[in-house]
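The values are calculated or read from the model by the stated rules, or taken from the named source; none is laboratory data. These figures come from a predicted structure and were not determined experimentally. Because the Cβ atoms are built from the backbone with ideal geometry, glycine has one as well, and the counts that use them run over all protein chains shown.
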Ligand code: AMP
């Protein structure tokens, strides 16, 4: 299996690049943000609980996202691999993911980390907010909180994957195609 963590701060381009990677490598895209927004849209209890945190730009509890990912892995038994987008975001999530994949006899092949400066992230998110319908993309204070959550709780995961020799950092500035080429180059050496 080819299991990839597509990593980076909000607005780094993880969703855009995931959509290209799933086609090229025949992978299943697992975005915890997308799954949570689906839960909100269909009005589940889980969605309702997550919404207030997401609206503030805070992370939802580890156990919520871990169990979501666990059932997605169970529901996709014979796939080529997964792209994890927006997950893991904490040390507990990263450890849980490793354990879940061990149970399936597989592992993360690489963490591909997109690097983009804060100012550009804020610009991109505000631009996306004009059409995305996401309230968390429309307010600079909430965006700043999301970036802070990333810096405090999520960015340290680079060390977790670096210690397993799985970290590749990719400049996330440039055209969508150029960034895709750089990601493909790394993946093709795995
Ligand atoms: P995203 O679509 O990845 O930008 O995520 C939107 C929001 O969903 C985040 O600001 C968090 O509130 C929540 N969220 C998504 N994925 C996770 C995760 N792995 N852990 C905790 N919260 C998450």
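For the condition at pLDDT 95 or above, in contact with a strand residue (DSSP E or B) (Cβ under 6 Å, 6 or more places away or on another chain), surrounded by fewer than 21 Cβ atoms within 10 Å (Cβ to Cβ) and part of a helix (DSSP H, G or I), what is the one hit in 72, 23, 51?
On the way: 23 fails: in contact with a strand residue (DSSP E or B) (Cβ under 6 Å, 6 or more places away or on another chain); 51 fails: in contact with a strand residue (DSSP E or B) (Cβ under 6 Å, 6 or more places away or on another chain).
Result of the check over 72, 23, 51: 72.
Yes or no: residue 109 in contact with a strand residue (DSSP E or B) (Cβ under 9 Å, 6 or more places away or on another chain), under 24 Å from residue 26 (Cβ atoms) and surrounded by 15 or more Cβ atoms within 10 Å (Cβ to Cβ)? Break it down into steps so the answer makes sense when it comes.
Values: in contact with a strand residue (DSSP E or B) (Cβ under 9 Å, 6 or more places away or on another chain): yes; under 24 Å from residue 26 (Cβ atoms): yes; surrounded by 15 or more Cβ atoms within 10 Å (Cβ to Cβ): yes.
For residue 109, the condition - in contact with a strand residue (DSSP E or B) (Cβ under 9 Å, 6 or more places away or on another chain), under 24 Å from residue 26 (Cβ atoms) and surrounded by 15 or more Cβ atoms within 10 Å (Cβ to Cβ) - is met.
Search the range 163-190 for residues being without any contact (Cβ under 8 Å) to a residue 40 or more places away in the chain, in a helix (DSSP H, G or I) and out of contact with any strand residue (DSSP E or B) (no Cβ under 6 Å at 6 or more places or on another chain), and hand back the single one that is farthest from residue 124 (Cα to Cα). Within the range 163-190, the match that is farthest from residue 124 (Cα to Cα) is 188. In this structure, residue 36 does not satisfy being more than 8 Å from the ligand (Cβ to nearest atom), without any contact (Cβ under 8 Å) to a residue 60 or more places away in the chain, at negative phi and under 16 Å from the mean Cα position of the chain (by Cα).
Checking the range 39-61 against the condition returns no match, with no residue being away from the ligand (no atom under 11 Å from the Cβ) and closer than 30 Å to residue 185 by Cβ.
The residues of the range 55-79 that are in contact with a helix residue (DSSP H, G or I) (Cβ under 7 Å, 6 or more places away or on another chain), in contact (Cβ under 8 Å) with a residue 60 or more places away in the chain and farther than 15 Å from residue 153 by Cβ amount to a single one, 55.
Quick one: would you say residue 59 is under 21 Å from residue 143 (Cα atoms) and surrounded by 15 or more Cβ atoms within 10 Å (Cβ to Cβ)? Criteria met by residue 59.
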